[in-house]
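The structure under discussion appears below in the form of structure tokens.
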Amino acid sequence: MIAHETKNRVKAVGAALRHPTSWLLLGMGFSAGLPFLLVGGTLGFWLRSSGISLTLIGFLGWVSLLYGLKVVWAPWMDKVRLPFLHGWLGQRRSYMLLSQIGVALGLIAMALIGPQNLAGLACAALFVTFAAASQEIAIDAWRVEQTESEADQALNPSFYAFGFRIAILTTDALVLVLSKRVGWPLSYQILALAMLIGVTVTLLAPRSTIETHIKTSTKTLYALIVEPFVSFFNAHKGTAGLILLTLALYRLPDYLIGPVAGPLYQDTGLDQDTIAAMRASIGLWASFIGIAAGGSCLLWLGVQRSFLLGALVGPISNICFSWMAVSHGDPVIFGLTLVADNFSNGIAETALVGFMTQQTLNSRQGREHTLTHYALMYSVAAFTGKFLKGFSGWAVDLIKPDLGLFNAYSAFFMGTALIGLPCLILCWYMGKKGVFSH
């Protein structure tokens, strides 16, 4: 029985790998991941190297709150057609293309403005974040609508995560080598050109077959704005609040360390070439192995166990950052931290995407409001962390006079790891309530 089930799963995986959707999601993941750190941790590195305080860097990180607010405009993207582009590309891809162009133009604006005008840089970063969040909305809807089997449910998030991680490598490691040689402004302009990868994939991707059956015209604001959210709560009945609360806490430990991780590297004196080399080697492989492990868990263990595992291993990297803070730039400990961070986050992110995809597909009304349902869950998962992370730099600065800079870093990272405990309890409780089997 087990051998027969294994054989069927292997066949399903083989069939999914032969489908172009999986490979297209590599490019889509790259396009979605490219702007992520350029308005987050990498921007913090640039600002810290320009002498900006941790408090200001943390507050500037609030531009990424738009990732957590994308549910506000998701209903429009679900139903409202774009003139000219819709007839050519369809509902999902037309928004992808427009957003990708917006990201590229915004990154060029950030490069031209620079840290010497923080207000202007913040506005440009805000525009990039809005365009990037919109791109994610359209890609998520397209990906969910391409999910037809359990193998797709495991592989599609994995391929998307692989592409996303390659983009993270580019904007987290390779950009450091580039910026050291040509400067930060030119580096941002070069990365803006890399958005052509996303544009190319968007033009090559097939139109979603499901979206052709969805009515894109709405007669009332209720049908456009309210109905998608009502359908979500109706679909999940008494567990909708539990799902959203768990999602709000799931990636919170990782979000909180974002604004101060880059400044930590700068303050410990690690050389940019060393950081880039280690991120591009052991960091990259640890990330890929983590994503592969996450996809394998989804396929073999199921969504419930994978989701619980992600909540368990996610905060491990925070503990390693705490250790690194008091090691004063030790490259060995930095390497171990990279391995733990990339591996654990690879599992957690893949499990999170798998869970949200499952919940969207399980909803009877989800196919009519795919984009909004997924955006609602993602927004809740992101908003809490992206709001609270704005205080991260302030928190370190607050305890620095009593503990010293590096002990303050260490205490902060350890505290963020402990925040993961309530989520573990909620994940277990969701299993008891049958959320994963709906």
Stretch gain in nm, segment residue 237-residue 112, where the contour uses 0.36 nm per residue and the Cα spacing is subtracted = 40.1 nm
Of the GluC sites (Glu not before Pro) in segment 84-151, those whose Cβ has at most 16 other Cβ within 10 Å and which sit in DSSP loop = 148
Of 70/432; 237/433; 70/400; 70/389, which ones are farther than 23 Å apart at the Cα?
-> 70/432; 70/400
Can you list the HN-Hα couplings for segment 341-356, worked out from phi with the Karplus curve (6.51, -1.76, 1.60; θ = phi - 60°), rounded to whole Hz and with x for Gly and Pro?
-> 5, 6, 5, 5, 6, x, 5, 5, 5, 5, 5, 5, 5, x, 5, 5
What list of ³J(HN,Hα) couplings, whole Hz, do you get for segment 404-416 from phi and the Karplus terms 6.51, -1.76, 1.60, once you set θ to phi - 60° and write x for glycine and proline?
-> x, 4, 6, 5, 5, 4, 4, 5, 4, 5, 5, x, 5
Ranked highest first by average number of other Cβ atoms within 10 Å, how do 312-318, 71-77 line up?
-> 312-318, 71-77
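For the chain, what is the relative contact order in percent, using Cα pairs closer than 8 Å and at least 6 residues apart in sequence?
Reported as a whole number, the value is 27 percent.
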Magnitude of the Cβ-charge dipole (Lys and Arg +1, Asp and Glu -1) of the chain about the Cα centre, nearest 20 debye, reported as 980
Please go through segment 35-100 and write out the trypsin sites (Lys or Arg not before Pro) that DSSP classes as loop and that have at most 16 other C-beta atoms within 10 Å.
-> 81
What accessible surface, in Å², does a 1.4 Å probe find on residue 86, ignoring ligands, DNA and RNA and rounding to the nearest 10?
-> 30
Can you pull the one-decimal nm distance between simple spin-label points at residue 196 and residue 72, each 7 Å off the Cα toward Cβ?
-> 3.5
Per residue accessible area of segment 281-363, 1.4 Å probe, in Å² = 34
Using a basic spin-label model with each label point 7 Å from the Cα along Cα→Cβ, how many nm lie between residue 266 and residue 23?
-> 4.2
Using a 1.4 angstrom probe on heavy atoms only, work out the carbon and sulfur share of the accessible area of segment 367-438 in %.
-> 71
Tell me, in nm to one decimal, what length is gained between residue 53 and residue 105 on full extension, where the rule is 0.36 nm per residue of separation less the Cα-Cα distance?
-> 16.0 nm
In square angstrom, what is the accessible area per residue of segment 93-184 with a 1.4 angstrom probe?
-> 32
Rough spin-label spacing in nm, given labels placed 7 Å along Cα→Cβ, for residue 326 and residue 182 = 4.2
Expressed as a whole percentage, what fraction of the accessible surface of segment 213-357 belongs to carbon and sulfur atoms when a 1.4 Å probe is rolled over the protein heavy atoms?
-> 68
Would you please state which residues of segment 403-438 a label at residue 312 would reach in this model, taking the label point 7 Å out along Cα→Cβ and a backbone N cut-off of under 16 Å?
-> 420-432
Can you work out the FRET efficiency for the pair residue 81 and residue 123, with r the C-beta to C-beta distance and R0 = 30 Å, to the nearest 0.05?
-> 0.55
So the carbon and sulfur contribution to the accessible area of segment 49-182, 1.4 Å probe, in percent, is 72
For residue 79, the aspartates and glutamates lying under 18 Å Cα to Cα, once residues fewer than eight places off in the same chain are dropped, come out as 136, 140, 145, 211, 227, 368
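Relative contact order for segment 43-180: what is it in percent, counting Cα pairs under 8 Å that are at least 6 residues apart?
Numbers: 89 pairs, mean separation 34.8, N = 138.
Once normalised by length, the contact order is 25 percent.
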Tell me, what HN-Hα J-couplings in whole Hz come from the Karplus equation 6.51 cos²θ - 1.76 cosθ + 1.60 at θ = phi - 60° for each residue of segment 134-146, using x for Gly and Pro?
-> 5, 4, 4, 4, 5, 5, 4, 5, 4, 5, 4, 6, 8
Centre separation in Å (Cα based) which lies between segment 245-310 and segment 91-145 = 23
Charge dipole (segment 217-304, unit charges on Cβ, about Cα centre) - positive-most of 269, 250, 222 | 222
Please find the FRET efficiency linking residue 281 to residue 207, where r is the Cβ-Cβ separation and R0 is fixed at 41 Å, and quote it to the nearest 0.05.
-> 0.55
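The values are calculated or read from the model by the stated rules, or taken from the named source; none is laboratory data. Keep in mind that what you see is a predicted model, and the values were worked out from it rather than measured. For neighbour counting, all protein chains shown are included, and Cβ atoms are generated from backbone atoms with ideal geometry for every residue, glycine included. Please note that ligands, DNA and RNA were not included when accessible areas were found on the heavy atoms of the full protein model with its side chains. Shrake-Rupley method; radii C 1.70, N 1.55, O 1.52, S 1.80 Å.
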